């Protein structure tokens, strides 16, 4: 059986929230200066609205865009990131390369979208990406996303399905995350690693004797 290392991406491999960093970039280059979405997002976060609902609202912002246009903007955003700052979290990147050396499959697991994750996967040499799937009709984004959402328990579902198809030994595999929402993913493998975990995950990780970077 194969072994794998599953990586959450935002704040685990990179020091940004890819979806929202890209959104700011996208509004700048498209001239869409409407701040109502950001204001509503901030209110939803303050009101503890479930992240699944927040994500649904996020992807609705791209309704009517062509996939080709979205991919083009995402690639330019990626290039712009490295011109402006260093977005990689080196502790986790070092682990990723160690896993590659022992021929572990490198899998990104994220609620972000393929357009944003693919450039990072290519840059870091990841084997596969498990992420939010956008609904597309005739090359146009509908603003809807397809189930399951790759967040919380959705990450666990996606990993188990991937492991079954690709004959992955989950007990001998690794998972890296930073947020309490990553717990289902971390509990799916035999080797859980928490990267700069937030206080609630840190407490849980210590109870479970998980490794903490």
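The values are calculated or read from the model by the stated rules, or taken from the named source; none is laboratory data. What you see is a predicted model, and the numbers here were worked out from it, not measured in a lab. Positions of Cβ are backbone-derived with ideal geometry, glycine not excepted, and every protein chain shown enters the neighbour counts.
Considering only the stretch 58-68, state which residues are assigned to a helix (DSSP H, G or I) and either exposed (fewer than 15 other Cβ atoms within 10 Å of the Cβ) or in contact with a helix residue (DSSP H, G or I) (Cβ under 7 Å, 6 or more places away or on another chain) (or both).
Residues satisfying the conditions are 58, 60, 68.
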Checklist entry - Is there a residue being modelled with pLDDT of 90 or more and within 20 Å of residue 155 (Cα to Cα) anywhere in the stretch 71-80? => result no
Item to check | the stretch 95-122, residues that are over 19 Å from residue 196 (Cβ atoms), within 15 Å of the chain's Cα centre (by Cα) and in a helix (DSSP H, G or I) | outcome: 114, 115, 116, 117, 118, 119, 121, 122
Checklist entry - Are there any pairs with C-beta distances below 9 angstrom linking a residue in the stretch 196-213 that is on the phi > 0 side of the Ramachandran plot to a residue that is in a loop (DSSP other than H, G, I, E, B) and buried (at least 17 other Cβ atoms within 10 Å of the Cβ), with the two at least 6 apart or on different chains, and if so which? => result 196/11; 196/12; 196/89; 196/178
Checklist outcome for this item: Within the stretch 184-200, the count of residues that are surrounded by 22 or more Cβ atoms within 10 Å (Cβ to Cβ) and either modelled with pLDDT under 95 or over 19 Å from the mean Cα position of the chain (by Cα) (or both) comes to 1
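Yes/no per residue for (1) in contact (Cβ under 8 Å) with a residue 24 or more places away in the chain; (2) buried (at least 18 other Cβ atoms within 10 Å of the Cβ); (3) out of contact with any helix residue (DSSP H, G or I) (no Cβ under 7 Å at 6 or more places or on another chain); (4) farther than 30 Å from residue 3 by Cα:
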{"residue": "43", "(1), (2), (3), (4)": "no, no, yes, yes"}
{"residue": "72", "(1), (2), (3), (4)": "no, no, yes, yes"}
{"residue": "77", "(1), (2), (3), (4)": "yes, yes, no, yes"}
{"residue": "114", "(1), (2), (3), (4)": "no, yes, yes, no"}
{"residue": "119", "(1), (2), (3), (4)": "yes, yes, no, no"}
Checklist outcome for this item: Inside the stretch 155-165, the number of residues satisfying the requirement of being in contact with a helix residue (DSSP H, G or I) (Cβ under 8 Å, 6 or more places away or on another chain) and farther than 10 Å from residue 183 by Cα is 3
Checklist entry - For the stretch 147-155, does any single residue satisfy the condition of being surrounded by fewer than 17 Cβ atoms within 10 Å (Cβ to Cβ), in contact with a strand residue (DSSP E or B) (Cβ under 9 Å, 6 or more places away or on another chain) and more than 19 Å from residue 2 (Cα to Cα)? => result yes
Next on the checklist: Criterion first (assigned to a loop (DSSP other than H, G, I, E, B) and loosely packed, with under 14 Cβ neighbours inside 10 Å) does residue 32 satisfy it?
Outcome noted: yes
